[in-house]
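Only one structure is covered here, and it is reproduced in the block below.
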Amino acid sequence: MIPVTKPFLPPMEEYEHYLPGIWQRDWLTNMGPLANDLELRLKKYLKVKHLLYVSSGTIALQMAIKSLELKGEIITTPFSFVATTSSIVWEGCTPVFVDIDPQSLNMDTAKIENAITERTSAILATHVYGNPCEVETIQKIADAHHLKVIYDAAHAFGVELEGRPVFEAGDISICSLHATKLYHSIEGGLLITKDPDLLKKLAFMRNFGFNGSEAFAELGINGKNSEFHAAMGLVNLKYLPAIHEKRKSLTQRYDEILSHAKAFIPKWHPDATKNYAYYPVVFDSEELALSCFTALQKKEIFARRYFYPSLAKVLPYLKHQEMAVTEDIARRVLCLPLYHELSFEEVDMIGRIILRTQNN
Ligand SMILES: *Cc1c(COP(=O)(O)O)cnc(C)c1O
């Protein structure tokens with residue numbers, strides 16, 4: 001069986017190495033030394049000024065929206081994971097969808113201004129598959145209309161744009177460190193902001209708003225993560241270069257084999273580095289995408305229709321909307337298996353099955 005993704009697990013002894021310390025200190029959660037250490041190391045690794053380690057990407061999104069005191073409408077993309085949209089609704093705001101660009105699959109910046117009303121408070125865009133949005137254009141539009149900008153950078157761990165970490169774009173960026181992501185701490189999330197005051201507010205929010213043991217600075221929630229999660233993050237950090245290299249070569253192998261496939265690979269931002277988080281393929285037709293999906297499945301290989309269906313059409317708590325480009329892409333896209341343990345032979349096999357299917 002070949003799944004679409006497989007969580008990276010380091011040698012068990014390396015994880016166990018952290019356990020005696022946790023037992024000795026009797027400090028299991030609440031910003032313990034391992035969580036602190038992870039924050040410091042991630043800051044250095046990602047070259048960002050400020051960063052908070054939280055319990056999930058979703059709580060990071062919700063805290064981002066709450067901390068910026070957003071109201072009314074938030075402009076967002078329908079081509080993302082459900083948490084991007086659900087966090088907006090969860091925080092009592094209304095998502096307003098803007099269709100995507102058919103090449104990059106990120107929010108089409110040419111369509112943003114049309115969606116702005118007097119109720120708009122922010123833009124929440126996703127760097128889909130880790131591919132950076134047009135962040136300069138988005139910032140210009142936001143500045144012109146006094147809007148805040150949040151990036152769902154759940155896929156963009158480690159990506160640099162024009163030599164700077166993409167995590168520093170916007171007012172706040174969030175990342176997910178969930179087990180299925182490129183780099184993980186089992187469950188976990190990151191909040192990144194350049195604004196030290198906002199960082200302080202988010203840090204209070206993460207811990208119920210506590211300012212000392214008997215006073216409160218903010219409305220807060222429980223966004224803390226545990227020492228056990230942080231330990232996994234610390235061990236996995238060491239493997240990032242190896243993970244990166246392996247995924248890079250697997251991606252190149254896919255690119256070679258699929259160069260004659262009746263499909264295209266989404267266009268990466270020309271000024272950005274790649275993190276090889278996913279291998280998305282947009283087939284020429286939905287029929288071909290589904291035939292390939294089924295042919296792979298027959299061999300116990302599981303591609304994923306990520307992201308299908310469009311968030312503008314599937315959520316029971318929102319009025320359904322027609323987003324032509326998103327709808328079209330969502331029907332034709334498959335993410336092919338990509339994970340550290342995947343072998344080149346398996347990639348070759350997947351490639352052959354796709355080519356055979358399209359030539360049938
Ligand atoms: C995974 C993911 C999230 C949610 O992150 P969790 O850590 O699972 O809460 C949000 N947005 C996108 C785009 C994701 O892929």
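Bear in mind these aren't lab numbers, they're just calculated from the coordinates by the rules spelled out. Bear in mind that the values here come from a model prediction, so they are computed numbers and not experimental data. Cβ coordinates were reconstructed from backbone atoms using ideal geometry, including for glycine residues, and neighbour counts include every protein chain displayed.
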Practice prompt. Please enumerate the residues belonging to the range 167-190 that are in a loop (DSSP other than H, G, I, E, B) and within 14 Å of the ligand (Cβ to nearest atom).
Written response: LEU177, HIS178, ALA179, THR180, LYS181, LEU182, TYR183, HIS184, SER185, ILE186, GLU187, GLY188
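To keep it simple, each residue is scored yes or no on (1) closer than 27 Å to PRO266 by Cβ; (2) of a type outside the set (Asp, Glu).
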| site | (1), (2) |
| --- | --- |
| GLU13 | no, no |
| TYR18 | no, yes |
| LEU34 | no, yes |
| ASP37 | no, no |
| SER56 | yes, yes |
| LEU61 | yes, yes |
| GLU73 | no, no |
| THR77 | yes, yes |
Worksheet item: Of all the residues that make up the range 18-58, how many are in contact with a strand residue (DSSP E or B) (Cβ under 6 Å, 6 or more places away or on another chain) and within 30 Å of MET323 (Cβ to Cβ)?
Response: 2
Item to complete: Just one of (1) within 14 Å of the ligand (Cβ to nearest atom); (2) assigned to a strand (DSSP E or B) trips up THR84, so point out which.
Response: (2)
Discussion item. I need the full set of residues from the range 107-147 which are in a loop (DSSP other than H, G, I, E, B) and away from the ligand (no atom under 16 Å from the Cβ), in order please.
Written reply: ASP108, ILE116, THR117, GLU118, ARG119, GLU134, HIS145, HIS146, LEU147
Discussion item. I need every pair where a residue in the range 12-37 that is in contact (Cβ under 8 Å) with a residue 24 or more places away in the chain has its Cβ under 7 Å from the Cβ of a residue that is part of a loop (DSSP other than H, G, I, E, B) and surrounded by fewer than 13 Cβ atoms within 10 Å (Cβ to Cβ), sequence separation at least 6 or different chains.
Written reply: ILE22/LEU28
Worksheet entry | Enumeration of residues in the range 43-70 that are within 16 Å of the ligand (Cβ to nearest atom) and in contact with a Phe, Trp or Tyr (Cβ under 7 Å, 6 or more places away or on another chain) | GLN62
Worksheet item: Can you pull out the residues in the range 148-166 that are in contact (Cβ under 8 Å) with a residue 60 or more places away in the chain, touching a strand residue (DSSP E or B) at 6+ places or on another chain (Cβ under 6 Å), within 19 Å of ILE65 (Cβ to Cβ) and part of a loop (DSSP other than H, G, I, E, B)?
Response: ALA154
Worksheet entry | Single condition THR273 does not satisfy, out of (1) surrounded by fewer than 20 Cβ atoms within 10 Å (Cβ to Cβ); (2) free of Cβ contacts under 8 Å to residues at least 60 places away in the same chain; (3) hydroxyl-bearing (Ser, Thr, Tyr); (4) in contact with a strand residue (DSSP E or B) (Cβ under 8 Å, 6 or more places away or on another chain) | (2)
Practice prompt. Determine whether the range 231-250 contains at least one residue that is within 16 Å of the ligand (Cβ to nearest atom) and in contact with a Gly (Cβ under 9 Å, 6 or more places away or on another chain).
Written response: yes
